[in-house]
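Colleague: The structure follows.
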């Protein structure tokens, strides 16, 4: 696992948000999915692989009080903390490889945009899903590259997903609510097609 951590620490050490493909000024789709669950502002929400994403900024501005951000890269979270300033104290920051995450709490909403698709082995996928089953007490949003999306990101191969396959991966423990595909325009004006699906713990 150390190699994966080293990779992401280097990425966040050497690149600014406008130099990486996943940057979004406004994480519109993620916010719409989270809003669709009609969660109270006290709901526990975790952004898995959140890095220095601005989702946490918007959730804080909307008044959510129980937000966690998990990422394998300490440098990514450090950047987010600097950006948020004093507000960063309201967030629970977790430096961890998600496949080794062992929380003592449960979450009403698990959000993952572009972390799951980096898991390439059956073992890694099963670890992730077992942790999600144990940890999620409400809803999940997962965004991955679609079957027409990129085959690589940040120099690493990814697993592209069709709606059927992602649904099948989560069918043990989760019921699909809905899926959409969307084009993400990167900071360097290329297009990446994403699949986003929401699920309810059953």
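The values are calculated or read from the model by the stated rules, or taken from the named source; none is laboratory data. These numbers come from a predicted model, not from an experiment. FYI the Cβ positions are ideal-geometry reconstructions off the backbone, even for glycines, and counts take in every protein chain you see.
Colleague: Which members of the range 160-190 meet the condition of being part of a strand (DSSP E or B), more than 16 Å from residue 113 (Cα to Cα) and in contact with a helix residue (DSSP H, G or I) (Cβ under 9 Å, 6 or more places away or on another chain)?
Modeller: Correct list: 174, 176, 177.
Colleague: Take residue 104 and tell me if it is over 17 Å from the mean Cα position of the chain (by Cα), modelled with pLDDT under 95 and at negative phi.
Modeller: Yes; evaluated as a whole, the condition is true for this residue.
Colleague: Collect the residues in the range 116-159 that are in a loop (DSSP other than H, G, I, E, B) and surrounded by fewer than 17 Cβ atoms within 10 Å (Cβ to Cβ), keeping them in residue-number order.
Modeller: Hits for the range 116-159 are 120, 121, 147, 148, 151, 154, 155.
Colleague: Shifting gears a bit: Which of the numbered conditions does residue 38 fail, given that it passes all the others? Conditions: (1) at negative phi; (2) at pLDDT 95 or above.
Modeller: Result: residue 38 fails condition (1) only.
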